[in-house]
Amino acid sequence: MTLLSVQSLSKSFGGVAAAREVSFLLERGEMLAMIGPNGAGKSTLFNMVGGQLRPDQGVVLLDGQNITAASPQKRFRLGVGRTFQVAQTFLSMSVAENVQMALVSHNHENGALWAPARTRHRDEAMALLEQVGMADMADHPCAALAYGDVKRVELAITLAGEPKLLLMDEPTAGMAARERADLMDLTARIADAKSIGVLFTEHDMDVVFGHAERVIVLVRGRIIATGSPEEVRRNEDVRRAYLGDEHALEKPKGLSPA
């Protein structure tokens, strides 16, 4: 079943077209990667889907509901979660407290914090941390974690909002190769188990071709190819515009753009 329908989205800045009539679909439980060289329009499209930017034209539908003009806060309430290239956590708080604060927000309890947040939703927080493999670090401060673990905590925080659509902006940036694979394996398992649609941008082609079920390729604000990882790797237009020569089909990792 279609979860996200993006229809003819366009956006210009000072006469420069960052996105030109972009359309695509995302199904429940699907991992969809959006790739392209710097300046291709990935961030613009990502922010239009997330609500940070209003398109000049076009429509965004979530479960058939028009959310084109909805704020990021309203989209969050409707089930749109997001992680960022630089992980967003409260470093002075413990791992569990970070997730508990997200649960407080999700349950609209922000205005009634007469009791410490650390006393609320502890069991739910622990269940989410168990899902991402961080339960044994629940009482450690986030500031003491390795960066790969911080990204797992950020994922648990996002899952606290019970998203049906998860937007991941370069989720493996700054991580070691093994950490990158582990995080995306984890994300794929959770997405499949909870039927969460995942749209992610990524520069590491090993991550893209190893974890995406479909790939969208943007160049100069337009989609030039959509298909399975293998179809995209063999697409002549993609090879010329982004992946490089035929050697890139065997070793794409080293040809990620700056």
At what distance in angstrom do the alpha carbon centres of the range 151-179 and the range 63-98 lie from each other? 11
Antiparallel %, DSSP beta bridges [both residues in the chain], to 5: 55
Non-local residues with an amide H under 5 Å from the amide H of Arg82, with H modelled 1.01 Å from N and Pro and chain starts lacking one, are Leu167
At a 10 Å Cβ-Cβ cut-off, how would you order Phe24, Phe84, fewest neighbours first? Phe84, Phe24
What is the distance, in nm, between label points placed 7 Å from the Cα along the Cα-to-Cβ direction at Asn38 and at Glu231? 3.1
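If r is the Cβ-Cβ distance from Arg178 to Leu91 and R0 is 35 Å, what FRET efficiency results, to the nearest 0.05? Spell out each step's value before the answer.
Numbers: r = 24 Å, r/R0 = 0.68.
Step by step, r from the Cβ atoms, then E = 0.90.
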Relative to the longest principal axis of the C-alpha atoms of the chain, give the angle of the C-alpha long axis of helix 177-194, reported between 0 and 90° and rounded to the nearest 10°. 80
Measure nothing but the geometry: give the 0 to 90° angle between the long axis through the Cα atoms of 122-131 and the longest principal axis through the Cα atoms of the chain, rounded to 10°. 40
Compute the helix-to-body angle for 95-106: its Cα long axis versus the longest principal axis of the chain, expressed 0 to 90° and rounded to tens. 80
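Please give the charge dipole size of the range 1-90, origin at the Cα centre, charges +1 on K and R Cβ atoms and -1 on D and E Cβ atoms. Round to the nearest 20 debye. Walk me through the numbers before you get to the answer.
Details: 9 positive and 5 negative charges, 55 e Å.
Using only the charged Cβ atoms, the result is roughly 260 debye.
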Might you report the magnitude of the Cβ-based charge dipole of the range 70-174 about its Cα centre, with Lys and Arg at +1 and Asp and Glu at -1, to the nearest 20 debye? 420
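Classify the range 36-95: rounded, prolate or oblate, from the alpha-carbon gyration tensor (a ≥ b ≥ c, eigenvalue square roots; a/c under 1.5 rounded; otherwise prolate if a/b is larger than b/c)? Write out the running numbers ahead of the final one.
Working: a/c = 2.83, a/b = 1.34, b/c = 2.11.
In terms of gyration-tensor shape, oblate.
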Considering only Asn235, Ser8, Ser94, whose Cα is most displaced toward the positive end of the charge dipole of the chain, charges sitting on Cβ of Lys, Arg (+1) and Asp, Glu (-1)? Ser8
Mean residue ellipticity (222 nm) of the chain, computed from DSSP H runs ≥ 4 via -39,500 (n - 2.57), nearest 500: -9500 deg cm²/dmol
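Could you give the length gained on full extension between Asp63 and Ala144, defined as 0.36 nm per residue of separation minus the Cα-Cα distance, in nm?
Details: separation 81, 0.36 × 81 = 29.16 nm, distance 3.94 nm.
In short, 25.2 nm is gained.
Asp136 to Arg20: extension gain in nm, 0.36 nm per residue of separation minus the Cα-Cα distance?
On the way: separation 116, 0.36 × 116 = 41.76 nm, distance 4.67 nm.
Taking Asp136 through Arg20 to full extension adds about 37.1 nm, to one decimal.
No value in this document is a laboratory result; all are computed from the given coordinates. Keep in mind that this is a model prediction, so the values were computed, not measured. Note that each Cβ is placed from the backbone with ideal geometry, even for glycine, and that neighbours are counted across all protein chains shown.
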